[in-house]
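The values are calculated or read from the model by the stated rules, or taken from the named source; none is laboratory data. On a predicted model such as this, the values are computed, not experimentally measured, just so you know. Backbone-built Cβ (ideal geometry, glycine too); neighbour counts: all protein chains shown.
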Ligand code: PMP
Ligand code: GLU
């Protein structure tokens, strides 16, 4: 980001801040909101956010918390009942045993990830990030002065990194590996066999830790969700991150958590004691109700996400220059779009890269999407499928018409 500093007035902003990129997903969503406010009929497929309301029983618990006067600071790592309910969830869904002092509740999974990275990564440490990756990982690692080492999965393997690739990438400086499964942006889901092979590599490298981002756990169309922490030989070195934003449609409540070895959980607790003092008391009561209510509300939403995925794949199969693997989870499609690079738009400009193509679609189709560049995949583009069916049909009708002009 260029600064406006001059010799006479140097920028007051830190080098740290100036080295940081704005979140591309949030930047596109902002642009989209601005255009909508100006009266443009833009369809927003850039933001990865459920379009469902938070289920009523969860809202009711929040109202009750307010009526109960539950408005004070909570313990930094979360209220005991919620931490216990998270342990119960890990047992029920993932067959994992944790004690509640291994759980840290945070202001979204985003903060849980940041806590873990800031607690583990020293300046210069290498963090192997399975790529394509979620936009914020690289910037979080930068904040900790770590070095991101992207490890790129191939289109043929649905963008999933293999154990052999991981083995070849580990060095003496490797501190951490991180990935999401189901993956944002690709929708790929690691199988038990694949994660078992990754665990076997980690078992041979005792200095390497793993950050497993499982926020899309419930939005899985293949059925089995596997946690890396289920492999006993590495469980102590896996930090499992999850949250309420996706599975319970609770993005605005800012509620996420991690489970880790007790000393790592204590470090994350210390980190957030100085930064947030823990997350919102009302949200925690809502999260408690969410978990106690099981996952049936999530199942209803997942049925809609699956239907929308199929709807969109059925349209994009007629756009051969979008090479689109079938996502097995999350709510995105992530096609390869490089066939369009070098082509000329109707205004005479050249589409040089995925960012140009995203801007073309925004201006010509009035559909906002996110360039693959921010996900470490410059030949790809991310389209969210978390929108109503009729909006998706209209968006892809427009996209198809606009792409045909190139
Ligand atoms: N990880 C991934 C892969 C995500 O897509 C998101 C969604 N923003 C997050 C973490 C953070 O979620 P939260 O809203 O809980 O901070
Ligand atoms: N997870 C969403 C996305 O990837 C939310 C945006 C964000 O938190 O950056 O679009």
> How many residues, within the stretch 22-43, are away from ligand 1 (no atom under 14 Å from the Cβ), over 11 Å from residue 362 (Cα atoms) and in a helix (DSSP H, G or I)?
Replying inline: 5
>> Of all residues being farther than 13 Å from residue 211 by Cα and in contact with a helix residue (DSSP H, G or I) (Cβ under 8 Å, 6 or more places away or on another chain) in the stretch 119-132, which is farthest from ligand 2 (Cβ to nearest atom)? Just the residue, please.
In response: 131
>> Just checking, does the stretch 83-106 include any residue being within 16 Å of ligand 2 (Cβ to nearest atom), more than 30 Å from residue 324 (Cβ to Cβ), at pLDDT 95 or above and touching a helix residue (DSSP H, G or I) at 6+ places or on another chain (Cβ under 8 Å)?
In response: yes
> Can you pull out the residues in the stretch 163-192 that are over 17 Å from the mean Cα position of the chain (by Cα) and closer than 25 Å to residue 331 by Cβ?
Replying inline: 191, 192
>> For a quick check of your reading of the model, give me the residue pairs whose first member lies in the stretch 182-208 and is on the phi < 0 side of the Ramachandran plot and within 16 Å of ligand 2 (Cβ to nearest atom), whose second is part of a helix (DSSP H, G or I) and modelled with pLDDT of 95 or more, with beta-carbon atoms closer than 9 Å and at least 6 apart or on different chains.
In response: 184/375; 185/372; 185/375; 186/375
>> Quick check on my filter: what residues within the stretch 341-368 are in a helix (DSSP H, G or I) and within 27 Å of the chain's Cα centre (by Cα)?
In response: 354, 355, 356, 357, 358, 359, 360, 361, 362, 363, 365
>> Take residue 274 and tell me if it is over 17 Å from the mean Cα position of the chain (by Cα), away from ligand 2 (no atom under 16 Å from the Cβ) and more than 20 Å from residue 181 (Cα to Cα).
In response: yes
>> Please determine whether any residue of the stretch 138-153 is within 20 Å of the chain's Cα centre (by Cα) and closer than 26 Å to residue 291 by Cα.
In response: no
>> Pull out all pairs, ordered by first then second residue, where Cβ-Cβ is under 6 Å, the residues are six or more apart or on different chains, the first lies in the stretch 249-265 and is within 21 Å of residue 230 (Cβ to Cβ) and in a helix (DSSP H, G or I), and the second is more than 16 Å from ligand 2 (Cβ to nearest atom) and modelled with pLDDT of 95 or more.
In response: 262/101; 262/102; 265/102; 265/104
> Which is in contact with a helix residue (DSSP H, G or I) (Cβ under 7 Å, 6 or more places away or on another chain) and within 16 Å of ligand 1 (Cβ to nearest atom), of 116, 109?
Replying inline: 116
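Among 47, 52, which is surrounded by 17 or more Cβ atoms within 10 Å (Cβ to Cβ), within 15 Å of ligand 1 (Cβ to nearest atom) and more than 23 Å from residue 228 (Cβ to Cβ)?
Numbers: 52 fails: surrounded by 17 or more Cβ atoms within 10 Å (Cβ to Cβ).
Just one listed residue meets the conditions, 47.
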>> Looking at the stretch 302-339 only, could you name the residues that are touching a strand residue (DSSP E or B) at 6+ places or on another chain (Cβ under 8 Å), more than 22 Å from residue 214 (Cβ to Cβ), touching a residue at least 60 places away in the same chain (Cβ under 8 Å) and in a helix (DSSP H, G or I)?
In response: 312, 316
> So which of 188, 200, 232 is modelled with pLDDT of 95 or more and not in a loop (DSSP other than H, G, I, E, B)?
Replying inline: 200
